[in-house]
1. Tally up the residues in the range B:258-310 that are within 13 Å of another protein chain (Cβ to nearest Cβ) and assigned to a helix (DSSP H, G or I), please.
2. Working carefully through the options B:K206, B:K202, find the one that is basic (K, R), over 21 Å from B:E519 (Cβ atoms), surrounded by fewer than 24 Cβ atoms within 10 Å (Cβ to Cβ) and more than 14 Å from chain A (Cβ to nearest Cβ).
3. Just for helices (runs of 4 or more DSSP H) wholly inside the range B:59-142: which have at least 1 residues that are β-branched (V, I, T) and farther than 25 Å from B:D160 by Cα?
4. Residues being assigned to a loop (DSSP other than H, G, I, E, B) and crowded, with 22+ Cβ neighbours inside 10 Å: count how many of those fall in the range B:143-163.
5. When you go through B:A483, B:A454, B:A501 one by one, which is the residue that is touching a Cys at 6+ places or on another chain (Cβ under 9 Å), of a type in the set (G, A, S) and in contact (Cβ under 8 Å) with a residue 60 or more places away in the chain?
6. Can you tell me which residue is farthest from the other protein chains (Cβ to nearest Cβ) among those in the range B:311-338 that are within 17 Å of B:A352 (Cα to Cα) and part of a helix (DSSP H, G or I)?
7. For the range A:227-244, which residues satisfy the criterion of being outside any loop (DSSP other than H, G, I, E, B) and more than 7 Å from chain B (Cβ to nearest Cβ)?
8. Just the residues that are within 14 Å of chain A (Cβ to nearest Cβ) and surrounded by 21 or more Cβ atoms within 10 Å (Cβ to Cβ), please, taken from the range B:209-218.
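The values are calculated or read from the model by the stated rules, or taken from the named source; none is laboratory data. None of these values were measured; they are calculated from a predicted model. Cβ: placed from backbone, ideal geometry, glycine included. Neighbour counts: every protein chain shown.
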Amino acid sequence: MKKIWLLLMVFLVTFSVLCLGIDNRGAEAAKAADSGKGAKATCQTCHADFAAVIPKGHPAVKGSDLTACTSCHAPDQTGKAAKNAFSSRMHLAHVAPKGNQDCLVCHTWTSGKSFGLKGVKGSFGAPNKEDVAMMKEIFASWGGSKFMDNLHAKGNIGCAGCHGKDLPKADDTVENNRCLTCHGPMDKLVKKTEPKDFKDRNPHKSHLGDIACTVCHKAHGASKVYCLDCHKKFDMKIQGEKAP
Amino acid sequence: MTTEEKDILAAKGLSRRSILKGAVAFGAVTASGFALNMAMPGAAEAMIKKLPKKWDETWDVVVVGSGFAGLAAASAAAGAGSTVIVLEKMPTYGGNSIINGGVYASWDDKYHYRNNLGLGVDSPKQHSDDTLKGGDYYNIPELVDVMVNGATGALNWMIDEGDAKIRPTVTRAGGHTAYRTHSAVAGVGREYTEALRKMAEKRGAKIILNSEVTWIWRQDADPKSPVLGLEVKRGRRVLNIKAKKAVVLASGGFSQDIKMRMAHNPRLVPEFNCTNQKGATGETIRFAQAVGADTLQLNFIQLYPFAEPETGILDTPAVYPFNGPGYGIVYVSKLGKRFVNELERRDVCAFAQINLGANMKPTWSIFSRPMVLKMGGSYEEIDAGVAKGRFVKADSINELAGKIGLPAAALADTINKHNKYLEEGKDPDFNKPITKVMIPLIEGPFYAVSQWPAVHHCMGGLRINRDSQVIDVFGSVIPKLYAAGEVAGGVHGSNRLGSNAMPDCVVFGRVAGTNAAKEKV
């Protein structure tokens, strides 16, 4: 099983490299999408022959659209926190900065009603125009920002890894338990950041109580050590701060 | 709005006042669903903020702010059976309350500590007299009356129902004539915010963080026109929340709103440090004003005289200078000399330091180990503070002077003189009222903590009555709008006595929540 995943990784890396290499074709698909013809673009617009992009040893791939992949790699709709999810790798390869595809190359969407995958049953939610615009904006951040979302993207963790199975809403936040699935347990985290000199200056054991991880760790914006708002002299750093 | 529409409104002679008075000439427009709005005074656009067509959420009572007042209101309202949401703008709950010094003025407590420790007499009347005098009689007497008579009950309410714990001592703080200041076991306001949060949540209230109020919905300023709900920004989403019974504003003061504080008190320039959390800005007051609310005394803004000099925070050591005077703490300048009667009010202590000159920052509080527990401190806090360098410890006054860089002879002279004053019961230098429980600085170890004033508390705010209802600019109650805590004005007059903030917040929060729950749906 592990071997298959490894092969898939190789496949996707190759796949994305190829996508970059044949930029004009990606651009064509994007152009088709921009002009409202996204629905007409298929995988084959770029990948005339899947054999050219799949790794050695991968079973032959038939078909011209997304079902060529999803017939085996069924999309994960459970929303469980998983590293290296197929969905994440597909998105990483196809959205900026590696790719430049419109959502609707792969996805079906009826504003306010449904959002799914071509050739796959079921809907992830009912985003409207603003929701989709937001997701596009956040995907761009996830794919290429210096924020925490990109740090997760580099670990092949996509939206569902943090937000669960439903499409994130505009006022969505992420509960601590979700973060602690990978970064926990809390005791261990507290121990890890305990200062040698003054143990009560531990950002993960705040005098403000059981605060949310997201107080400091922002996925789609600059992370910031909240303590420093008042304790200006503390020497604390955080990942995902905007580059100077 | 088109230019023509603006012209039409102008031609009708609409002024801010005519709109505010109930939109007599404006009837046709309000009837089609426009909300009162003076967001941009003088601009016609200000008149056409449309009332929401639908509400995203509906609650009986909507509370703005999750500090002492907001949580007390939520506890009371939820306890009376109302559905309650608490909206907190910041990503953490508790506002300034969770980081405050945890001192609570009350003439009595569940355990009757003052009486049992032989610390003299007190009464609600005496508490009221001190509060009025300390506020230079600018206080609204009926509001002071509510606070002093509700303080003990509210303290015991948090002890009994929220498991709040107080230290077994009572201190006498600046401006108070009795030993009535209670300290929390946690040493900070978190003791009470946690108690109130647990009480509110146990009763079913819901606290939602990252939810910033961006408007108060009211159709017009007719005295019968109630507040309808709030516009709220939550993450990337803007939603409208309906309040079936009432909105309670408990959003705190505006010490961190430099523009607003300087608009009312120009000498509080940006160079002043501030003890407050970042969210202490004044937009809620402006929104309330925009729907007709009256304000009072916004220029009365207090400096905390003993903040940490570099950053301005009110950390645990910064509470000691405030709690110490009743037990003999001495304040000295860099020259090793006293500069004020330590039992003076906060404004006097703050400006006594500022008037020494900017190059005289910081000043120091000198105290000793025998005072620590009596003044509501703890040895653990002392040890932690010494390790961090906030408290400086020495076995003699001479050694202490050396460690903090003060002239040793001058400091020794000051301390010796002060010891003599305690013995003689008279302070000829600053007229401090000496009491028998004050401890001379003879037995060590001795401690010093540095201090300097920082912007701290807004005495002024929204005008309320004794039922915590917000009053409009014409003197009428604004139906279904309450305010409690620092966002409301008039309780403290020109200068709040230290440890009066918490009884103000908890008592009025309780009053507001209780009354809000009684409103008709």
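1. Number of matching residues: 0.
2. Numbers: B:K206 fails: over 21 Å from B:E519 (Cβ atoms).
Selected residue: B:K202, the only one of B:K206, B:K202 that is basic (K, R), over 21 Å from B:E519 (Cβ atoms), surrounded by fewer than 24 Cβ atoms within 10 Å (Cβ to Cβ) and more than 14 Å from chain A (Cβ to nearest Cβ).
3. B:124-134
4. First, the residues of the range B:143-163 that are assigned to a loop (DSSP other than H, G, I, E, B): B:163.
Next, only the ones that are crowded, with 22+ Cβ neighbours inside 10 Å stay: none.
Result for the range B:143-163: 0.
5. Numbers: B:A483 fails: touching a Cys at 6+ places or on another chain (Cβ under 9 Å); B:A501 fails: touching a Cys at 6+ places or on another chain (Cβ under 9 Å).
On inspection, the qualifying residue turns out to be B:A454.
6. Applying the first criterion (within 17 Å of B:A352 (Cα to Cα)) to the range B:311-338 yields B:321-322, B:325, B:329-338.
Applying the additional criterion that residues be part of a helix (DSSP H, G or I) yields B:321-322, B:325.
Values: B:P321: 19, B:F322: 18, B:P325: 26 Å.
Step by step, filter the range B:311-338, then rank; the result is B:P325.
7. The first filter runs over the range A:227-244 and keeps only residues outside any loop (DSSP other than H, G, I, E, B), leaving A:227-229.
Matches in the range A:227-244: A:C227, A:L228.
8. Pass one, the range B:209-218, residues within 14 Å of chain A (Cβ to nearest Cβ): B:209-212, B:214.
Listed by number, the list holds a single entry, B:S211.
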